[in-house]
């Protein structure tokens, strides 16, 4: 072997004995698998459907009415949007 190949071999073997080399060698496939699996898992996850606010103090009664009004308004908007989508003929 030439001197350059001997030096390159020695340097590679010295680097291959380190923990960092093996961690980096194993980390890439692990992150590649996780990067592909996480979106698939999130696609099948159920979104949060309801939220509950419980405030039994006298000052909280105004908040409950405001939240109730906002939810009713949002539900009305969703109903109107659904009716519009149903009324559009498919081409």
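Quick notes on this one:
- Filtered residue count, the range 40-60, keeping only those that are surrounded by 10 or more Cβ atoms within 10 Å (Cβ to Cβ) and part of a loop (DSSP other than H, G, I, E, B): 1
- Residue that is nearest to residue 66 (Cα to Cα), among those in the range 1-39 that are assigned to a loop (DSSP other than H, G, I, E, B) and at pLDDT 90 or above: 18
- Boolean, residue 79 is surrounded by 10 or more Cβ atoms within 10 Å (Cβ to Cβ), outside any helix (DSSP H, G or I) and within 35 Å of the chain's Cα centre (by Cα): no
The values are calculated or read from the model by the stated rules, or taken from the named source; none is laboratory data. Because the structure is predicted, anything quoted here is derived from the model rather than measured. Don't worry about glycine lacking a Cβ; one is built from the backbone with ideal geometry, like all the others, and counts go over all protein chains shown.
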